[in-house]
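To start, the structure itself, in structure tokens.
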Amino acid sequence: MPSTMHAIRLTGPVTPDRLTVTDVPVPDVRPGWVRIRIKAFGVNESEVTSTKGQSSADFSFPRILGIEGVGIIDAVPDGSDLKPGQKVATMMGGMGRAFDGSYAEYTLVPVDQLIPFDTDLPWETVGALPEMFQTAYGSLTTGLDLQPGQTLLIRGGTSTVGLSAAALAKELGATVLSTTRRAERAQVLRDHGVDHPITDDGKIADRVRELYPGGVDAALELVGGQALPDTLRAVRPGGTGCFTGSLADQWIIPDFNAFAVIPIGVRLTVYGGAAKDLPPAAFDHQLRSITEGRLKPAIAKVYHGLGQIPQAHTDLAAGRTPGKHVVVLD
């Protein structure tokens, strides 16, 4: 086992071109933590924000970024039921924020933050899944309790979570409405299971109710606080809205007035979960659905090697291609 590894370790805010590969010590296994040899990971908006030094208080420098990853267990603590060589996924829970993450050849994560899996899918496919599928799955289940036959509105549909939520909801048996600000991306939504693409000009509730006059059963808010009141107006009494993301980076509604924001009889919840919210059986089902062609993962582009991370950050920030940007370590 080498004593050092390649990683991208930040000591302060940087521009994408300064995301340079350096040598750092390989982390030592300790009680309750497992070392993973990273094979692939998705690049996320929160990591772009962290490079700018604009993250919330749970993030600190110096730090190896990366809030998710897939790979092979390299070493386990004494007494663990996990085995070296086992394929695992991990995500969130402070990864890449409070402790070092996946922008490295090896990473150390808590035992309870692992999802074991077995698949022959390529690493570039599996590497796209953990964060976006966990967030989408948790929003649909814990957040919305979506049931077969119900109607779901996704606000912010061409985001990675939005595309994943559409695919998962369609497989569940829901009817899916989803928004995009760019009309030419309607086909992207259809390709991921959306029944009714809607071009978002800031006000969509009336158009949703033209399709479903009584309102939809559930709504997933991914755009942010400024869109939430309009999104909730599209939900039927007794239905549920779930605030999961803020693509517009507006998490707070100034001078919040519940009577003005939440329609009478509509339920409002939030979702912000962790690896434990994606059970291994659910992740295995998703992997099998991809293998069998029932589920399409949203992948924008694949990059090879840590040296390609600057380009991945640049491409993600540009937002020209919907889907996940995935880095594979060969």
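Tabulated values for the structure
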quantity	calculated
Q147 vs. criteria over 15 Å from the mean Cα position of the chain (by Cα), modelled with pLDDT under 95 and polar (S, T, N, Q)	no
The stretch 96-108 - residue that is hydrophobic (A, V, I, L, M, F, W, C) and either in a strand (DSSP E or B) or touching a residue at least 60 places away in the same chain (Cβ under 8 Å) (or both) and, of those, surrounded by the fewest Cβ atoms within 10 Å (Cβ to Cβ)	F99
Given (1) outside any strand (DSSP E or B); (2) closer than 30 Å to D17 by Cα; (3) not hydroxyl-bearing (S, T, Y), number of the condition G193 does not satisfy	(2)
Test: residue in the stretch 70-82 that is under 20 Å from the mean Cα position of the chain (by Cα), surrounded by 12 or more Cβ atoms within 10 Å (Cβ to Cβ) and either of a type in the set (S, T, Y) or within 27 Å of V161 (Cβ to Cβ) (or both)	yes
Filter result for T49 (surrounded by fewer than 21 Cβ atoms within 10 Å (Cβ to Cβ), free of Cβ contacts under 8 Å to residues at least 24 places away in the same chain and under 18 Å from L329 (Cβ atoms))	no
Wholly enclosed helices (runs of 4 or more DSSP H) of the stretch 258-330 bearing at least 2 residues over 14 Å from F133 (Cα atoms) and in contact (Cβ under 8 Å) with a residue 12 or more places away in the chain	258-261, 309-318
Subset of the stretch 208-263 [closer than 20 Å to D145 by Cβ, more than 20 Å from the chain's Cα centre (by Cα) and among the charged types (D, E, K, R)]	D217, R236
Test: residue in the stretch 150-171 that is in the same structural domain as E221 (by TED's automatic domain parsing), of a type in the set (G, A, S), surrounded by fewer than 24 Cβ atoms within 10 Å (Cβ to Cβ) and at pLDDT 95 or above	no
Residues being surrounded by 20 or more Cβ atoms within 10 Å (Cβ to Cβ), assigned to a loop (DSSP other than H, G, I, E, B) and of a type outside the set (S, T, Y) - total across the stretch 225-254	4
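The values are calculated or read from the model by the stated rules, or taken from the named source; none is laboratory data. Remember, it's a predicted structure, so these values are computed and weren't measured experimentally. Heads up, the Cβs are rebuilt from the backbone with ideal geometry, glycines too, and the neighbour counts pull from every protein chain shown.
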